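I have placed the structure first, in the form of structure tokens, so that the comments after it can refer back to it.
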Amino acid sequence: MVPYAIIKDPFAFVVLVSALSAHTGDMLENPSVALMIVDPESDTKPTHALARVSMQGRAQPIARIDPRYTVARASYLARFADMSGLFELGDFTLVAIDPATVRVVAGFAQAATITPASLAQCL
């Protein structure tokens, strides 16, 4: 589970990670990653009926000199303003996850494979 933001051009999910964590090292060593977004659980909807999107993609660190950095940072802080201090720490970096395959499950027995471009239009 990871907080994420979205950048539109080029479309990617953005996460903020610490170089001190094992999962960041794993991601940098092997940039093939998976990301799943799930509707929040509720008392009124069975867990198996929750909408969800699962993606396979590639993780790419976004260096401060990368043209995407300013937009990615702004997008992340728009969702998580309380995390602004982490950008001042030397071990935190933004990573773009570029989806390659996308599977949408809109509920029980309602699944489809869509393109990353189709997903981008929905968000």
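The values are calculated or read from the model by the stated rules, or taken from the named source; none is laboratory data. Values in this document were obtained by computation on a predicted structure and should not be read as measured data. Cβ sites come from the backbone with ideal geometry, for glycine too, and all protein chains shown count toward neighbours. Heads up: the accessible areas ignore ligands, DNA and RNA and are worked out on the full protein's heavy atoms, side chains in. Shrake-Rupley method; radii C 1.70, N 1.55, O 1.52, S 1.80 Å.
Observations, loosely collected:
- Selection from the range 94-123 of residues that are more than 22 Å from D66 (Cβ to Cβ), open to solvent by 70 Å² or more (accessible area, probe 1.4 Å) and touching a residue at least 60 places away in the same chain (Cβ under 8 Å): F108
- Residue list for the range 54-80, restricted to those being open to solvent by 90 Å² or more (accessible area, probe 1.4 Å), in a helix (DSSP H, G or I) and in contact with a Pro (Cβ under 9 Å, 6 or more places away or on another chain): R79
- Filter result (closer than 16 Å to P99 by Cα and free of Cβ contacts under 8 Å to residues at least 40 places away in the same chain) within the range 61-85: P61
- Filter result (surrounded by 15 or more Cβ atoms within 10 Å (Cβ to Cβ), at pLDDT 90 or above and assigned to a loop (DSSP other than H, G, I, E, B)) within the range 1-53: Y4, P31
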